[in-house]
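Asks: Take this structure first; my questions come after.
The values are calculated or read from the model by the stated rules, or taken from the named source; none is laboratory data. As the structure is a computational prediction, the values presented were derived from the model and not from experiment. Cβ placement follows ideal geometry from the backbone for every residue including glycine, while neighbour counts extend to all protein chains displayed.
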Amino acid sequence: MSDRAKWQQYGQLREELRNEPYQALLRKLQERGFPRHFSNWDEVIETMKSEALQGAEGDAVLRPILGSLRGKDAPHGRNVLMVLFWPALVSISRQKRHWETDDDERWQCVTLTFLELLSRIDVRPRPRRYAQKIYNDTLYHLHEHFTRVWKQERREVGLDANGDEGLLAGESPDYAMVDQRDIQEVETRRLRSYMERGRINERDFRLLVETRVHPKTVAEYARETGQDYQTAKKRRQRAEAALSENPWRAE
């Protein structure tokens, strides 16, 4: 996704914050310590630029929002935080181009990492510096994600070169006691339902069936179908992402 597309998406999400459910959230938060001089989220966003967000007033803004993420207001609270941290997330995505060269994939990983960590932040033992913690945690967990990806890539390339998958170290062979055909049929039906609902196309369906349902690496699938390994890997990652609900819009 280009920077222009990212900021268009930002504008759409910011527009959503002008709707009544978000105004209701603001009023509710102001009953819990959120600064009362803000009359709408646009004022909050314009005031809470990078430096301000890291200061004492930023803590006063972030603490109630983070506290709301454990209840029914969580989807709206996450979207507010997404808008507030958008410039920082764009910056992280630019800085870490060497971790993932595909801009769409990298941006998706950055935003999903950010959204996932929000629910793990406990404000009770931490009185301040919420913005710095969120930024640092996003970088930390993003690096953890890519470390797993890099290890898997090395494993798949190695397996492809050796032509023998074998058992992973420490893996128990007890799986033979399970009727694998039943498991495979259930998973195949589930993936087919996603295809029928338009979440993935037929090509993605075949790729996921071969590499998730059957014991086949992406490298093996790419070789058998005459595809480039990196292209197949990116397609699989995007297909996996398509199976998740859109995290941008609150229901």
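Asks: For Glu165, state whether it is charged (D, E, K, R), assigned to a helix (DSSP H, G or I), modelled with pLDDT under 85 and more than 21 Å from the chain's Cα centre (by Cα).
Replies: Numbers: charged (D, E, K, R): yes; assigned to a helix (DSSP H, G or I): no; modelled with pLDDT under 85: yes; more than 21 Å from the chain's Cα centre (by Cα): yes.
So Glu165 does not fit the description; no.
Asks: So, in the stretch 84-106, how many residues would count as being in contact with an Asp or Glu (Cβ under 9 Å, 6 or more places away or on another chain) and hydrophobic (A, V, I, L, M, F, W, C)?
Replies: Of the residues in the stretch 84-106, 1 are in contact with an Asp or Glu (Cβ under 9 Å, 6 or more places away or on another chain) and hydrophobic (A, V, I, L, M, F, W, C).
Asks: When residues of the stretch 220-249 are filtered for being at pLDDT below 85, among the small types (Gly, Ala, Ser) and buried (at least 18 other Cβ atoms within 10 Å of the Cβ), how many remain?
Replies: Total meeting the criteria: 1.
Asks: Only residues in the stretch 218-230 that are without any contact (Cβ under 8 Å) to a residue 40 or more places away in the chain count as the first member; pair them with residues that are crowded, with 18+ Cβ neighbours inside 10 Å and assigned to a helix (DSSP H, G or I), Cβ under 7 angstrom, at least 6 apart or cross-chain, and list the lot.
Replies: Pairs that qualify, where the first residue is without any contact (Cβ under 8 Å) to a residue 40 or more places away in the chain and the partner is crowded, with 18+ Cβ neighbours inside 10 Å and assigned to a helix (DSSP H, G or I), are Tyr221/Leu207; Tyr221/Glu210; Tyr221/Thr211; Tyr221/Ala232; Ala222/Tyr229; Ala222/Ala232; Asp228/Ala222.
Asks: Could I ask something else about it? Please verify whether the stretch 90-100 includes one or more residues that are surrounded by fewer than 16 Cβ atoms within 10 Å (Cβ to Cβ) and basic (Lys, Arg).
Replies: The answer is yes, given that some residue of the stretch 90-100 is surrounded by fewer than 16 Cβ atoms within 10 Å (Cβ to Cβ) and basic (Lys, Arg).
Asks: Moving on. How many residues are without any contact (Cβ under 8 Å) to a residue 60 or more places away in the chain and touching a His at 6+ places or on another chain (Cβ under 7 Å) if we restrict to the stretch 14-52? Give the steps one after another, and end with the answer.
Replies: Here is the first cut: in the stretch 14-52, the residues without any contact (Cβ under 8 Å) to a residue 60 or more places away in the chain are 15, 18-20, 22-52.
If we keep only those that are touching a His at 6+ places or on another chain (Cβ under 7 Å) too, we end up with 22, 25.
Summing the residues that are without any contact (Cβ under 8 Å) to a residue 60 or more places away in the chain and touching a His at 6+ places or on another chain (Cβ under 7 Å) in the stretch 14-52 gives 2.
Asks: Within the stretch 103-141, how many residues turn out to be farther than 16 Å from Lys6 by Cβ, assigned to a helix (DSSP H, G or I) and either in contact with a helix residue (DSSP H, G or I) (Cβ under 7 Å, 6 or more places away or on another chain) or free of Cβ contacts under 8 Å to residues at least 40 places away in the same chain (or both)?
Replies: Within the stretch 103-141, the subset farther than 16 Å from Lys6 by Cβ is 116-137, 139-141.
Now restrict to residues that are assigned to a helix (DSSP H, G or I): 116-118, 130-137, 139-141.
So of that shortlist, the ones also either in contact with a helix residue (DSSP H, G or I) (Cβ under 7 Å, 6 or more places away or on another chain) or free of Cβ contacts under 8 Å to residues at least 40 places away in the same chain (or both) come out as 116-118, 130-131, 133-137, 139-141.
So the answer is 13.
Asks: May I ask you to list the residues in the stretch 1-42 that are more than 27 Å from the chain's Cα centre (by Cα) and over 13 Å from Val83 (Cβ atoms)?
Replies: Arg27, Lys28, Gln30, Glu31, Arg32, Gly33, Phe34, Pro35, Arg36, His37, Phe38, Ser39, listed by residue number.
Asks: Continuing with the same structure: Report, by residue number, each residue of the stretch 30-42 that is buried (at least 16 other Cβ atoms within 10 Å of the Cβ) and assigned to a helix (DSSP H, G or I). Give the derivation first.
Replies: Residues of the stretch 30-42 that are buried (at least 16 other Cβ atoms within 10 Å of the Cβ), as a first pass: 34, 38, 41.
The answer is Trp41, and nothing else.
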